[in-house]
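Coordinate-derived values only; no laboratory data. Please read these numbers as outputs of a predicted model, since none were measured by experiment. Every residue, glycine among them, receives a Cβ derived from its backbone with ideal geometry; neighbour counts consider all protein chains shown.
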Amino acid sequence: MSGNNGGPWGGGNRGSGGNRGGDGGNNGPRGGGGQQVPEIEEIVKKGQEQLRVLMGGRGGGNGGPGGGMGGGFSKRGVLLGLVALVVAWAFASFYTVRPEERSVELLFGQYYSTGNPGLNFAPWPVVSAEVVQVTTERVTEVGTGRSVLDSGLMLTRDEAVVDIEFQVVWNIADPARFLFNLADPRETVRATSESAMRDIIARSELSPVLNRDRGAIAADLQANVQDLLDSYDSGIAVIRVNFDKADPPEQVISAFRDVQTARQERDRLEREADAYANRVLAEARGQAAQLREEAEGYRAQVINTAQGEASRFVSVYTEYVNAPEVTRKRMYLETMEQVLGSMNLTILDNVTGGEGGTGVLPYLPLNELGRQRSAN
């Protein structure tokens, strides 16, 4: 029984290191000869012994005086350790970039280069790499009302309020600028898009925004947002803009519909009035042109008639000067022909048979009477 608690080392409950000689009272008994508490030096010694065994050294299980650090590390253990360190360093230095990704390599925290898809090398810890998805489409929504600042209510040029909701689809064009120049990329895209949209709506009328100009507004917005992001060196490329909604606010939508109906009725009446005005104006212009043509024809006719009469008078006067009697007789006959030519009159000259024309044979126009009876 004396072997359990006897001696100055406090019993045989030590670890693999065994009893040590020549240490004096440093390892004396504690707590009146009961179970001993392991000391710090003994714990360190156990760890050294286990490490030496793992690295290929000899174990000191007998706990003799040579059981400490006297054995050292073997060459094989050192070589294995170096190989393990090289493998760990290579594992930390080589990395893979997928086709939809790009890597940004940093030399002591500063931008060094951009890695392409495939296997890349960044010697750790001098160079570190951060992989970024560049082809993935990111969507930033504006006007959805998910926050107090994202209400979507905007003011048009004609002082009308419109509720706008749209999406900006973007990806990363330059990973280095994207990582170093923007603290919050999504918030930057959202604020930039909202600012550009408010500027466009402030320069537009309400009706085109609600009806026919959505495509043009989306194209204009994409160009403006891209220009603003380029001015920030953001490294972001805007792919497209989805213009989802442009409606009046819900509080006034019924009144707005009434106003729209009245405007449509006004536009219809204006179009009808314009059509009537165009038709009347065209008719008036046609009549004016016709009157001008008739006046021109009448003027030409009168001038030609006057010129013909004057020429005829001159020719008759010339003939009268040459032969007055013949000319007078001819003029008399022509005048009587014009006066009596349209009259149903028969003149009997030098009628014989006594006074009153009793020598004229009476004539009954039976053919004329028959024609009149048939006409009736």
Checklist entry - What is the gain in length, in nm to one decimal, between Arg263 and Phe91 on full extension, counting 0.36 nm per residue of separation less the C-alpha to C-alpha distance? => result 54.7 nm
Checklist outcome for this item: If R0 = 51 Å, then Asp199 and Tyr298, at their Cβ-Cβ distance, give a FRET efficiency to the nearest 0.05 of 0.15
Checklist entry - Given a Förster distance of 41 angstrom, what is the FRET efficiency for Thr327 paired with Glu368, based on the Cβ-Cβ distance and rounded to 0.05? => result 0.55
Checklist entry - If you take the charge dipole of region 100-253 about its Cα centre, with +1 on Lys and Arg Cβ and -1 on Asp and Glu Cβ, which of Phe180, Val169, Leu107 is farthest toward its positive end? => result Leu107
Checklist entry - By its C-alpha gyration tensor, with a ≥ b ≥ c as the square roots of the eigenvalues, how is region 251-320 shaped: rounded for a/c under 1.5, else prolate for a/b larger than b/c, else oblate? => result prolate
Item to check | Listed residue (Thr305, Ala284, Ser315) projecting farthest to the positive dipole end of region 251-320, Cβ model | outcome: Ala284
Checklist entry - Which order, highest average first, do 266-277, 156-167 follow once you tally other Cβ atoms within 10 Å for each residue and take the mean per peptide? => result 156-167, 266-277
Item to check | Contour minus Cα-Cα distance for Gln307 and Leu153 (0.36 nm per residue) | outcome: 47.2 nm
